[in-house]
Amino acid sequence: MMNYTPTKSSANGEAGRTAHRPRWAEIPIPLKWLIPAVGVGIFLLIALPVAMVIGRDGFLRDSVIANDPHLDPRYLEFALTASIIYAVVLHAIDVVLSIWFVVKIMQGRQWARIALSAYLVIATFGSLYSAAAGSAYLWAVIPGDSIHVIMLVLLWAPRSVRDFFARYKARGMRTAMQDSP
């Protein structure tokens, strides 16, 4: 049986309601492995734009030219800068979402588990699209997509994780029924 730490919830403005969060010791080990997996993913998300800045006149330029061989040289600088800005903004959003979803998952939030899974699938397809732009990005795509697959397995395959979310959902439904008039 799981013990939960009650905390006051004011997110929906109901004064008497409590939210229950599992203690660290009650979180299944596979879910705890999400933390280092996200750490590796964040490292890769930060490393790619940094590598793009460093390789601006090398592999990034070559990649842009390979994707559009007829690009007017006057627009090449704009394309390089736009590529870097796009990568920085997109990866910054990815870092924030990854951290937020994992924090919410550790609190037993099923919606975060589903949202992180959807994000991982979308991110994997997005990175494969980037890899198609040139082999210069494979050093980030292959480990990044491997981390995505590992995280998806950790979120859904282990029985302990499925039981954790089932118990949390049942606990939340009992609390909601007790609080209703």
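When ALA123, ALA115, ALA132 are checked against the criterion of being within 25 Å of ALA170 (Cβ to Cβ) and either among the small types (Gly, Ala, Ser) or in contact (Cβ under 8 Å) with a residue 24 or more places away in the chain (or both), a single residue qualifies: ALA115. For LEU128, indicate whether it is hydrophobic (A, V, I, L, M, F, W, C), open to solvent by 30 Å² or more (accessible area, probe 1.4 Å), out of contact with any His (no Cβ under 7 Å at 6 or more places or on another chain) and in a helix (DSSP H, G or I). Here the answer is yes, as LEU128 does meet what is asked.
For (1) crowded, with 16+ Cβ neighbours inside 10 Å; (2) of a type in the set (Gly, Ala, Ser); (3) within 19 Å of PRO36 (Cα to Cα); (4) at pLDDT 95 or above, each residue gets a yes or a no:
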{"residue": "ILE114", "(1), (2), (3), (4)": "no, no, no, yes"}
{"residue": "SER117", "(1), (2), (3), (4)": "yes, yes, yes, yes"}
{"residue": "LEU120", "(1), (2), (3), (4)": "yes, no, yes, yes"}
{"residue": "LEU152", "(1), (2), (3), (4)": "no, no, yes, yes"}
{"residue": "VAL161", "(1), (2), (3), (4)": "yes, no, yes, yes"}
{"residue": "PHE165", "(1), (2), (3), (4)": "yes, no, no, no"}
{"residue": "MET173", "(1), (2), (3), (4)": "no, no, no, no"}
{"residue": "ASP179", "(1), (2), (3), (4)": "no, no, no, no"}
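Considering VAL40, VAL103, VAL64, VAL53, the condition of being of a type in the set (A, V, I, L, M, F, W, C), in a helix (DSSP H, G or I) and touching a residue at least 60 places away in the same chain (Cβ under 8 Å) is satisfied by VAL40 alone. No other residue among LEU48, LEU31 is farther than 18 Å from ALA132 by Cα, part of a helix (DSSP H, G or I) and touching a Phe, Trp or Tyr at 6+ places or on another chain (Cβ under 9 Å) apart from LEU31.
Tell me whether the range 86-109 contains one or more residues that are among the small types (Gly, Ala, Ser), out of contact with any strand residue (DSSP E or B) (no Cβ under 7 Å at 6 or more places or on another chain) and modelled with pLDDT under 95. Taking every residue of the range 86-109 in turn, at least one turns out to be among the small types (Gly, Ala, Ser), out of contact with any strand residue (DSSP E or B) (no Cβ under 7 Å at 6 or more places or on another chain) and modelled with pLDDT under 95.
The values are calculated or read from the model by the stated rules, or taken from the named source; none is laboratory data. As the structure is a computational prediction, the values presented were derived from the model and not from experiment. As a convention, Cβ positions derive from the backbone with ideal geometry for all residues, glycine included, and neighbour counts pool all protein chains shown. Side chains are part of the model used for accessible areas, which takes the heavy atoms of the whole protein and leaves out ligands, DNA and RNA. Shrake-Rupley method; radii C 1.70, N 1.55, O 1.52, S 1.80 Å.
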